[in-house]
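A quick write-up on the structure given underneath.
Nothing in this text is a laboratory measurement; each read-out follows from the coordinates by a stated rule. Just so it is clear, the structure is predicted and the values come from calculations on it, not from any experiment. No Cβ is skipped: glycine too gets one built from the backbone with ideal geometry, and neighbour counts run over all protein chains shown.
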Amino acid sequence: MTSITPYITQLKASGELQDLAVELYKLDAILNAKLPESLRKPMIYLLRVVNSFYSNKIEGNPTHPAEILHLQEAGKQSVPSDDLLEIKQYVEVQIRLANSDLCSEVICTPTFLQNIHKSFYDDLPEKFLAIENPESGEIIRLTPGEFRNRDVKVGRHIPPEPEEVIRLIGWFERIYHPKKIHGIERIFAAAASHHRLMWIHPFLDGNGRVGRLFTDNYMRCAGLGGYGLWSMSRGFGRDTKSYYAALSSADRERQGSNDGRGILSDKGLLKFTEYFIQTALDQVNYFLGLLEPQKLNERIDVYFEMRSRGALVSSTGKRLPQIRIEARDIYRKLLSGPQRRSNIQKMFKEKGQNVGEKTLR
C-alpha cells in the first residue's frame, strides 16, 4: 500500500511544539477542574450547539445563532428550515455519541466512522441524500453510512480512488488506535488523524462533519478530560480560510528527499499539526477566560442588572420578564453547587434582607 506518514513523532517535533502540547494538556486539566459542577451540564449542552453552528458554517450553512436560539425556544411548534435541520441533527448526533459509552477500542474502526455518517443522514429528509456532481450536474444518491464507490474531486484535492478507501481506512484504524500512542504524541496523532481522514474522503458527501465529530471523540480518547467544555470546531469555524489552508498544506505531495518518505509532505503535516495545537490552545484559553472570577462576576452583574430593569429581550424580540436584583446573589451561591432553600434564606437574613418565595423559585 502507498506509504503515508502517520503523524509527527516527538523526535521530529520542535521543542517549542512539544511545549505547546504539554501546555494544552495542562490547561485542559485546569479548565476541567475549574468549572463549577452546577455549570458543567449546561456548558456541555451549549457547546454542542456551538459545535454544530461552526461545523455546519464551515460547510456553507448560513444559519445565524439567533435562529438556533429561536428554534430552541419555539420547540415543537416551529418547523425548521433545511439549514436548521442540519444544525439540529448535528446536535443530536453529538448527544448519541456522548451516550454511547464510546471506548478507544472502536473509535478508529470503519464501523464507528460509518455510524457517525449514518446517524447524521438517517433522520434527514430524502432530499439531503441527493448529491449533485458539480462538474457534470449529475444527481447521485448518497447512502448513509456507505463508503463511496466512485471518484470525487474536492476543490484542488483529488482523493484516493474508491478501490483504495477500504484499505486506507484499515490502515487508519491500525495506525491511530489510541492505546498504541502515548504521551504528547497523542495530540500529534489527533491532528494527523483529522487531516488523514479528510484526505481519504471516505464518503460521497459529509466528510467534513464526520471528520470533526470523529476528532471531538478522539480528543477525549487522547486524554483531554476537559474536552467538551471547549471545542476544535469553534476554532476551525471562526477562521475557515486558515483551516482550509492548513488542510491544503498537509494535502501536498512530498517535496523532495528531505520531506519525509511517504507520498505526502511531512512539512505540510507539521504545519497542520502546529495549526491544530495552536487552535486548541486558543480555544482552551478562551473558555478559561470566561471562567476567570472577576470577568465572570462582571458578566453576572451586567446580566442581572439588565434583567432587573427589564432591559433584555429573547431571540424573538420578546422582552424577558423582570427579576429582582437579589436573584443575582442566589445565582452566585448556586454556582458552588446545590443549596438548601433555608441556607439561602439565612444568607439574606444575615445581610438584613428579605427575599420572597417568587425570587427563590
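Remark: region 43-175 is approximated by an ellipsoid whose semi-axes, taken from the C-alpha gyration tensor as √(5λ), come to 28, 21, 13 Å, largest first. Amide H contacts for residue 203 (H built 1.01 Å from N in the peptide plane; partners 5 or more residues away or on another chain; cut-off under 5 Å): 148.
Close amide H partners of residue 264, meaning residues 5 or more places away or on another chain with modelled amide H under 5 Å apart, are 5, 254. Choose one answer from 14, 193, 249: the residue with the largest mean-square fluctuation in a GNM of the chain with alpha-carbon springs under 10 Å. Of 14, 193, 249, the Gaussian network model singles out 14 as fluctuating most. Using a Förster distance of 35 angstrom, determine the FRET efficiency expected from the C-beta separation of residue 166 and residue 40, and round it to 0.05. So, using R0 = 35 Å, E works out to roughly 0.30.
Calculated on the Cα set of region 202-323, radius of gyration then Dmax: 20.9, 69 Å. Given a cut-off of 14 Å, what percent of all Cα-Cα pairs of region 102-173 lie beyond it? Result for the distance tail: 68 percent.
Taking only Cα atoms, what is the 0 to 90° angle, nearest 10, from helix 15-34's long axis to the longest principal axis of the chain? In the chain, helix 15-34 runs at an angle near 30 degrees to the longest axis.
Kirkwood's formula applied to the C-alpha pairs of region 144-269 gives a hydrodynamic radius of 15.5 angstrom.
Ratio of Rg to Rh for the chain: 1.03 [Cα atoms; Kirkwood radius as inverse mean 1/r over pairs]. Distance cut-off 22 Å, Cα to Cα: go down the list 88/127; 41/241; 41/88; 241/267; 57/127; 241/271 and report the pairs above it. Check vs 22 Å cut-off fails for 41/241.
Over region 1-101, the reciprocal of the mean inverse Cα-Cα separation, the Kirkwood hydrodynamic radius, stands at 17.0 Å.
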